[in-house]
Amino acid sequence: MKTILAAYSGALKGTGYSILSSLQDLPSPPWPALRSKMEKHLQVIAVLQWVISFLAMGISCTVLLIYMFCTDLWVIAAMYTTWLIFDWNTPKQGGRRSSWVRNWTVWTYFRDYFPIRLIKTHNLLPSRNYIFGYHPHGIFSFGAFCNFGTEATGFSKKFPGIKPSLATLAGNFRMPVLRDYLMSGGICPVNRNSIDYLLSQNGTGNAVVIVVGGAAESLDCAPGMNSVTLNNRKGFVRLALQQGSDLVPVYSFGENNVYKQVIFEEGTWCRLAQKRLQKILGFAPCLFHGCGLFSDSWGMVPYNKPITTIVGEPITVPKVEEPTRVMVELYHAMYIKSLRSLFDKYKTRFGLKESDILHIQ
(Lines give C-alpha, C1' and ligand atoms only; values in the text may rest on other atoms or scores of the structure.)
Protein backbone atom coordinates (compact mmCIF):
# COMPACT_ATOMS: atom_id res chain seq x y z
CA MET A 1 0.00 0.00 0.00
CA LYS A 2 2.83 2.33 0.94
CA THR A 3 4.52 1.52 -2.33
CA ILE A 4 1.35 2.46 -4.31
CA LEU A 5 0.98 5.79 -2.42
CA ALA A 6 4.62 6.63 -2.96
CA ALA A 7 4.27 5.93 -6.67
CA TYR A 8 1.08 8.03 -6.89
CA SER A 9 2.74 10.88 -5.01
CA GLY A 10 5.73 10.75 -7.34
CA ALA A 11 3.41 10.88 -10.34
CA LEU A 12 1.68 13.96 -8.96
CA LYS A 13 5.00 15.66 -8.35
CA GLY A 14 6.08 14.82 -11.84
CA THR A 15 2.82 16.18 -13.25
CA GLY A 16 3.15 19.38 -11.20
CA TYR A 17 6.69 19.87 -12.37
CA SER A 18 5.59 19.34 -15.98
CA ILE A 19 2.77 21.91 -15.61
CA LEU A 20 5.11 24.49 -14.05
CA SER A 21 7.67 23.85 -16.70
CA SER A 22 5.05 24.32 -19.43
CA LEU A 23 3.78 27.55 -17.87
CA GLN A 24 7.31 28.95 -17.79
CA ASP A 25 7.67 28.23 -21.47
CA LEU A 26 4.52 30.23 -22.33
CA PRO A 27 5.10 33.77 -23.70
CA SER A 28 4.59 36.54 -21.11
CA PRO A 29 1.29 38.45 -21.40
CA PRO A 30 1.48 41.70 -23.39
CA TRP A 31 -0.07 43.83 -20.59
CA PRO A 32 2.95 46.13 -20.01
CA ALA A 33 3.18 46.91 -23.73
CA LEU A 34 -0.59 47.46 -23.99
CA ARG A 35 -0.57 49.68 -20.92
CA SER A 36 2.30 51.75 -22.30
CA LYS A 37 0.52 52.13 -25.62
CA MET A 38 -2.72 53.12 -23.90
CA GLU A 39 -0.93 55.73 -21.79
CA LYS A 40 0.66 57.18 -24.92
CA HIS A 41 -2.77 57.51 -26.56
CA LEU A 42 -4.14 59.19 -23.42
CA GLN A 43 -1.21 61.63 -23.46
CA VAL A 44 -1.94 62.55 -27.08
CA ILE A 45 -5.64 63.03 -26.30
CA ALA A 46 -4.80 65.21 -23.28
CA VAL A 47 -2.61 67.53 -25.37
CA LEU A 48 -4.96 67.60 -28.33
CA GLN A 49 -8.00 68.49 -26.21
CA TRP A 50 -6.16 71.56 -24.91
CA VAL A 51 -5.08 72.65 -28.40
CA ILE A 52 -8.61 72.22 -29.79
CA SER A 53 -10.17 73.88 -26.73
CA PHE A 54 -7.90 76.90 -27.03
CA LEU A 55 -8.48 77.26 -30.77
CA ALA A 56 -12.12 76.31 -31.16
CA MET A 57 -14.03 76.17 -27.86
CA GLY A 58 -14.76 79.89 -27.69
CA ILE A 59 -16.01 80.24 -31.27
CA SER A 60 -17.96 76.96 -31.14
CA CYS A 61 -19.73 77.86 -27.90
CA THR A 62 -20.53 81.35 -29.20
CA VAL A 63 -22.14 79.89 -32.34
CA LEU A 64 -23.99 77.30 -30.25
CA LEU A 65 -25.32 79.98 -27.90
CA ILE A 66 -26.64 82.06 -30.82
CA TYR A 67 -28.20 78.95 -32.37
CA MET A 68 -29.95 78.05 -29.10
CA PHE A 69 -31.78 81.39 -29.19
CA CYS A 70 -33.42 80.15 -32.41
CA THR A 71 -34.65 76.92 -30.84
CA ASP A 72 -36.89 75.77 -27.99
CA LEU A 73 -33.82 76.00 -25.76
CA TRP A 74 -33.81 79.80 -25.94
CA VAL A 75 -34.69 80.04 -22.25
CA ILE A 76 -31.44 78.26 -21.31
CA ALA A 77 -29.49 80.52 -23.67
CA ALA A 78 -31.15 83.60 -22.16
CA MET A 79 -30.37 82.46 -18.61
CA TYR A 80 -26.73 81.83 -19.47
CA THR A 81 -26.42 85.19 -21.26
CA THR A 82 -27.92 86.97 -18.24
CA TRP A 83 -25.44 85.25 -15.95
CA LEU A 84 -22.61 86.07 -18.39
CA ILE A 85 -23.46 89.77 -18.24
CA PHE A 86 -23.63 89.64 -14.44
CA ASP A 87 -20.30 87.79 -14.26
CA TRP A 88 -18.55 89.86 -16.96
CA ASN A 89 -15.94 91.51 -14.72
CA THR A 90 -14.96 88.42 -12.75
CA PRO A 91 -11.85 87.68 -14.90
CA LYS A 92 -10.56 91.18 -14.07
CA GLN A 93 -11.12 90.66 -10.35
CA GLY A 94 -9.05 87.61 -9.56
CA GLY A 95 -11.09 85.14 -11.59
CA ARG A 96 -12.58 81.93 -10.25
CA ARG A 97 -9.85 79.31 -9.93
CA SER A 98 -10.63 75.72 -9.05
CA SER A 99 -8.15 73.48 -7.23
CA TRP A 100 -10.16 70.51 -8.49
CA VAL A 101 -9.68 71.47 -12.15
CA ARG A 102 -6.00 72.35 -11.64
CA ASN A 103 -5.44 68.85 -10.25
CA TRP A 104 -7.26 66.90 -12.97
CA THR A 105 -5.50 63.67 -13.93
CA VAL A 106 -5.64 64.73 -17.57
CA TRP A 107 -2.91 67.31 -16.85
CA THR A 108 -0.49 64.60 -15.71
CA TYR A 109 -0.95 62.92 -19.11
CA PHE A 110 -0.45 66.35 -20.70
CA ARG A 111 2.78 66.78 -18.73
CA ASP A 112 4.13 63.32 -19.51
CA TYR A 113 3.55 63.62 -23.27
CA PHE A 114 6.46 66.02 -23.81
CA PRO A 115 7.48 65.67 -20.86
CA ILE A 116 7.37 69.02 -19.02
CA ARG A 117 9.44 69.77 -15.91
CA LEU A 118 9.52 72.71 -13.51
CA ILE A 119 12.82 73.56 -11.81
CA LYS A 120 13.05 75.86 -8.81
CA THR A 121 16.30 77.78 -8.28
CA HIS A 122 15.36 80.09 -5.39
CA ASN A 123 12.75 80.37 -2.68
CA LEU A 124 9.93 82.88 -3.09
CA LEU A 125 8.52 84.66 -0.05
CA PRO A 126 4.72 84.47 0.45
CA SER A 127 4.92 87.96 1.92
CA ARG A 128 5.80 89.41 -1.51
CA ASN A 129 4.04 89.63 -4.86
CA TYR A 130 5.77 88.72 -8.11
CA ILE A 131 5.67 89.22 -11.85
CA PHE A 132 7.10 86.23 -13.71
CA GLY A 133 8.40 87.01 -17.19
CA TYR A 134 8.00 83.82 -19.24
CA HIS A 135 10.23 83.18 -22.28
CA PRO A 136 9.95 82.14 -25.06
CA HIS A 137 6.34 82.25 -26.23
CA GLY A 138 6.48 79.29 -28.62
CA ILE A 139 3.27 78.56 -30.52
CA PHE A 140 0.96 77.64 -27.62
CA SER A 141 3.17 78.26 -24.55
CA PHE A 142 2.69 74.67 -23.41
CA GLY A 143 5.27 75.04 -20.64
CA ALA A 144 3.59 78.14 -19.23
CA PHE A 145 0.16 76.51 -19.19
CA CYS A 146 1.26 73.19 -17.68
CA ASN A 147 3.47 74.73 -14.99
CA PHE A 148 1.32 77.70 -13.97
CA GLY A 149 -2.21 76.82 -15.16
CA THR A 150 -2.25 73.35 -13.58
CA GLU A 151 -0.63 71.51 -10.68
CA ALA A 152 0.80 68.77 -12.91
CA THR A 153 4.41 69.78 -12.17
CA GLY A 154 3.75 70.55 -8.51
CA PHE A 155 4.03 74.35 -8.46
CA SER A 156 2.26 74.76 -5.11
CA LYS A 157 4.53 72.18 -3.46
CA LYS A 158 7.69 73.74 -4.84
CA PHE A 159 6.60 77.29 -4.05
CA PRO A 160 4.37 77.04 -0.96
CA GLY A 161 2.28 80.11 -0.29
CA ILE A 162 2.58 81.40 -3.86
CA LYS A 163 -0.51 81.48 -6.11
CA PRO A 164 0.28 81.68 -9.86
CA SER A 165 -1.97 83.46 -12.36
CA LEU A 166 -1.07 82.97 -16.01
CA ALA A 167 -2.04 85.99 -18.11
CA THR A 168 -3.37 85.49 -21.64
CA LEU A 169 -5.32 87.41 -24.30
CA ALA A 170 -8.24 89.36 -22.85
CA GLY A 171 -10.36 88.44 -25.88
CA ASN A 172 -10.51 84.82 -24.69
CA PHE A 173 -12.56 85.94 -21.70
CA ARG A 174 -15.32 87.32 -23.92
CA MET A 175 -16.03 83.80 -25.21
CA PRO A 176 -18.74 81.78 -23.42
CA VAL A 177 -17.62 78.60 -21.63
CA LEU A 178 -13.97 79.12 -22.68
CA ARG A 179 -13.70 81.97 -20.18
CA ASP A 180 -14.83 79.69 -17.36
CA TYR A 181 -12.50 76.92 -18.48
CA LEU A 182 -9.55 79.32 -18.41
CA MET A 183 -10.49 80.92 -15.09
CA SER A 184 -10.74 77.51 -13.43
CA GLY A 185 -7.01 77.09 -14.04
CA GLY A 186 -6.21 80.47 -12.48
CA ILE A 187 -5.70 82.09 -15.89
CA CYS A 188 -6.45 85.81 -16.16
CA PRO A 189 -6.59 88.51 -18.87
CA VAL A 190 -3.30 90.18 -19.70
CA ASN A 191 -4.55 93.73 -19.16
CA ARG A 192 -3.80 96.47 -16.66
CA ASN A 193 -7.01 96.17 -14.61
CA SER A 194 -6.67 92.43 -14.08
CA ILE A 195 -2.99 92.50 -13.13
CA ASP A 196 -3.41 95.56 -10.89
CA TYR A 197 -6.18 93.79 -8.99
CA LEU A 198 -4.08 90.65 -8.40
CA LEU A 199 -1.04 92.62 -7.23
CA SER A 200 -2.78 95.28 -5.14
CA GLN A 201 -6.15 93.98 -3.92
CA ASN A 202 -5.59 90.27 -3.54
CA GLY A 203 -3.14 90.22 -0.63
CA THR A 204 0.39 88.84 -0.99
CA GLY A 205 1.83 85.61 -2.37
CA ASN A 206 0.54 86.31 -5.88
CA ALA A 207 2.61 85.59 -8.98
CA VAL A 208 1.32 86.96 -12.27
CA VAL A 209 2.92 85.12 -15.18
CA ILE A 210 3.29 87.25 -18.33
CA VAL A 211 4.53 85.78 -21.60
CA VAL A 212 6.47 88.95 -22.36
CA GLY A 213 7.21 88.36 -26.05
CA GLY A 214 3.55 87.81 -26.86
CA ALA A 215 2.22 87.23 -30.34
CA ALA A 216 5.14 88.99 -32.03
CA GLU A 217 7.58 86.49 -30.54
CA SER A 218 5.56 83.50 -31.75
CA LEU A 219 6.28 84.51 -35.36
CA ASP A 220 9.98 83.79 -34.81
CA CYS A 221 9.79 80.51 -32.93
CA ALA A 222 11.16 77.37 -34.54
CA PRO A 223 13.17 74.33 -33.41
CA GLY A 224 16.68 75.28 -32.37
CA MET A 225 15.97 79.02 -32.14
CA ASN A 226 16.82 80.83 -28.90
CA SER A 227 15.32 84.24 -29.54
CA VAL A 228 13.10 86.41 -27.33
CA THR A 229 11.33 89.70 -27.97
CA LEU A 230 12.23 91.89 -25.01
CA ASN A 231 14.20 95.04 -25.87
CA ASN A 232 11.11 97.21 -26.30
CA ARG A 233 8.91 95.36 -23.80
CA LYS A 234 9.11 97.55 -20.69
CA GLY A 235 5.48 97.82 -19.59
CA PHE A 236 5.79 94.84 -17.22
CA VAL A 237 8.80 96.48 -15.56
CA ARG A 238 6.92 99.74 -15.05
CA LEU A 239 3.99 97.78 -13.60
CA ALA A 240 6.33 95.94 -11.22
CA LEU A 241 7.70 99.26 -9.96
CA GLN A 242 4.25 100.77 -9.49
CA GLN A 243 3.08 97.75 -7.50
CA GLY A 244 6.38 97.00 -5.74
CA SER A 245 6.31 93.44 -7.11
CA ASP A 246 9.54 91.52 -7.59
CA LEU A 247 10.53 90.48 -11.12
CA VAL A 248 11.31 86.81 -11.79
CA PRO A 249 12.82 85.68 -15.12
CA VAL A 250 11.55 82.31 -16.35
CA TYR A 251 12.98 80.43 -19.32
CA SER A 252 11.62 77.24 -20.89
CA PHE A 253 14.16 75.17 -22.77
CA GLY A 254 12.45 73.23 -25.56
CA GLU A 255 9.35 75.43 -25.87
CA ASN A 256 10.25 76.28 -29.47
CA ASN A 257 10.91 72.66 -30.46
CA VAL A 258 7.40 71.21 -30.31
CA TYR A 259 6.18 72.66 -33.63
CA LYS A 260 7.80 73.43 -36.95
CA GLN A 261 6.94 76.80 -38.48
CA VAL A 262 7.39 78.51 -41.80
CA ILE A 263 9.13 81.79 -40.94
CA PHE A 264 8.81 84.51 -43.55
CA GLU A 265 11.57 87.04 -43.96
CA GLU A 266 11.08 90.62 -42.85
CA GLY A 267 9.70 92.80 -45.63
CA THR A 268 7.90 90.04 -47.53
CA TRP A 269 4.17 90.43 -48.11
CA CYS A 270 3.48 87.27 -46.07
CA ARG A 271 5.29 88.73 -43.06
CA LEU A 272 3.50 92.04 -43.45
CA ALA A 273 0.15 90.22 -43.64
CA GLN A 274 0.96 88.30 -40.45
CA LYS A 275 1.81 91.49 -38.57
CA ARG A 276 -1.28 93.24 -39.87
CA LEU A 277 -3.55 90.39 -38.76
CA GLN A 278 -1.73 90.28 -35.44
CA LYS A 279 -2.69 93.89 -34.74
CA ILE A 280 -6.30 93.27 -35.74
CA LEU A 281 -6.85 89.90 -34.05
CA GLY A 282 -4.48 90.19 -31.09
CA PHE A 283 -2.68 86.96 -31.94
CA ALA A 284 -0.26 85.96 -34.68
CA PRO A 285 -1.53 83.71 -37.51
CA CYS A 286 1.46 81.35 -37.60
CA LEU A 287 1.92 78.77 -40.35
CA PHE A 288 3.00 75.76 -38.31
CA HIS A 289 2.56 72.02 -38.07
CA GLY A 290 3.25 69.13 -35.74
CA CYS A 291 2.68 65.43 -36.28
CA GLY A 292 -0.45 63.47 -37.19
CA LEU A 293 -2.70 61.74 -34.68
CA PHE A 294 -1.91 58.16 -35.65
CA SER A 295 1.04 58.48 -38.03
CA ASP A 296 4.13 60.50 -38.84
CA SER A 297 2.18 62.78 -41.17
CA TRP A 298 1.64 66.48 -40.52
CA GLY A 299 -1.01 67.48 -38.02
CA MET A 300 -1.92 69.58 -34.98
CA VAL A 301 -0.36 67.28 -32.40
CA PRO A 302 2.92 68.80 -31.14
CA TYR A 303 6.12 66.81 -31.29
CA ASN A 304 6.91 65.14 -27.98
CA LYS A 305 10.06 67.12 -27.22
CA PRO A 306 11.01 67.79 -23.58
CA ILE A 307 10.23 71.22 -22.11
CA THR A 308 12.11 72.27 -18.98
CA THR A 309 11.03 75.48 -17.26
CA ILE A 310 13.55 77.21 -15.01
CA VAL A 311 12.25 79.76 -12.50
CA GLY A 312 15.11 82.16 -11.84
CA GLU A 313 16.18 84.39 -8.97
CA PRO A 314 13.76 87.19 -8.04
CA ILE A 315 14.86 90.79 -8.56
CA THR A 316 13.76 92.92 -5.62
CA VAL A 317 11.78 95.91 -6.87
CA PRO A 318 10.80 98.94 -4.76
CA LYS A 319 7.34 100.45 -4.93
CA VAL A 320 7.37 103.69 -6.90
CA GLU A 321 3.98 105.09 -7.90
CA GLU A 322 5.44 107.27 -10.66
CA PRO A 323 8.65 105.59 -11.86
CA THR A 324 10.88 107.67 -14.09
CA ARG A 325 12.07 106.53 -17.48
CA VAL A 326 15.59 106.12 -16.10
CA MET A 327 14.33 103.85 -13.33
CA VAL A 328 12.34 101.70 -15.75
CA GLU A 329 15.41 101.41 -18.00
CA LEU A 330 17.56 100.42 -15.02
CA TYR A 331 15.33 97.56 -13.87
CA HIS A 332 14.70 96.47 -17.44
CA ALA A 333 18.47 96.15 -17.94
CA MET A 334 18.75 94.22 -14.67
CA TYR A 335 16.02 91.88 -15.84
CA ILE A 336 17.73 91.24 -19.20
CA LYS A 337 21.03 90.53 -17.44
CA SER A 338 19.33 88.09 -15.07
CA LEU A 339 17.57 86.30 -17.94
CA ARG A 340 20.84 85.95 -19.89
CA SER A 341 22.54 84.58 -16.80
CA LEU A 342 19.74 82.05 -16.27
CA PHE A 343 19.95 80.91 -19.89
CA ASP A 344 23.75 80.59 -19.86
CA LYS A 345 23.81 78.69 -16.57
CA TYR A 346 21.39 75.95 -17.65
CA LYS A 347 21.70 75.76 -21.45
CA THR A 348 24.24 72.89 -21.59
CA ARG A 349 22.11 70.79 -19.23
CA PHE A 350 19.21 70.80 -21.65
CA GLY A 351 20.65 70.02 -25.05
CA LEU A 352 22.31 73.29 -26.05
CA LYS A 353 25.97 73.98 -26.71
CA GLU A 354 28.24 76.24 -24.71
CA SER A 355 28.52 78.44 -27.78
CA ASP A 356 24.74 78.95 -28.08
CA ILE A 357 23.60 82.41 -27.07
CA LEU A 358 20.25 83.98 -26.24
CA HIS A 359 19.22 86.47 -28.93
CA ILE A 360 17.24 89.37 -27.51
CA GLN A 361 15.46 91.60 -29.99
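The values are calculated or read from the model by the stated rules, or taken from the named source; none is laboratory data. None of the values given here were measured: they were computed from a predicted structure. Note that each Cβ is placed from the backbone with ideal geometry, even for glycine, and that neighbours are counted across all protein chains shown. Heavy atoms of the whole protein, side chains included, go into the accessibility calculation; ligands, DNA and RNA do not. Shrake-Rupley method; radii C 1.70, N 1.55, O 1.52, S 1.80 Å.
Structure values in brief
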quantity: Calculated FRET value between Thr204 and Glu329, using beta carbons and R₀ = 25 Å, to 0.05; calculated: 0.35
quantity: 13 Å cut-off, amide nitrogen to a point 7 angstrom out along Lys40 Cα→Cβ, residues in region 270-303; calculated: 293-296
quantity: Percent accessible area from carbon and sulfur atoms, the chain, protein chains only, probe 1.4 Å; calculated: 62
quantity: Amide N proximity, region 88-124 versus Ser53 label position 7 Å along Cα-to-Cβ, cut-off under 18 Å; calculated: 91, 95-114, 116
quantity: Residue-averaged [θ]222 nm for the chain, counting only DSSP H segments that reach four residues, each worth -39500 (n - 2.57); calculated: -13500 deg cm²/dmol
quantity: Degrees separating the helix 31-52 axis from the principal Cα axis of the chain, which is the longest one; calculated: 20
quantity: Per-selection Kirkwood Rh - region 217-349 (Cα, Å, 1 d.p.); calculated: 17.3
quantity: Stretchable slack from Asp196 to Glu321, in nm (0.36 nm times residue separation minus alpha-carbon distance); calculated: 43.8 nm
quantity: Nitroxide proxy distance, nm - points 7 Å out along Cα→Cβ at Ile76 and Lys158; calculated: 4.1
quantity: Acute angle (nearest 10 degrees) that the helix 2-25 long axis makes with the longest principal axis of the chain, alpha-carbon atoms; calculated: 30
quantity: In degrees, nearest ten, helix 74-86 long axis to first principal axis of the chain (Cα); calculated: 60
quantity: Among the listed pairs Lys120/Lys157; Lys158/Lys337; Lys120/Lys319, those beyond 19 Å (Cα-Cα); calculated: Lys158/Lys337; Lys120/Lys319
quantity: Accessible solvent surface per residue of the chain, calculated while the other protein chains remain in place, 1.4 angstrom probe, Å²; calculated: 54
quantity: The chain - Rg (one decimal) and Dmax (whole number), Cα, Å; calculated: 26.4, 109
quantity: Accessible surface of Ile119 - all protein chains present, 1.4 Å probe, nearest 10 Å²; calculated: 40
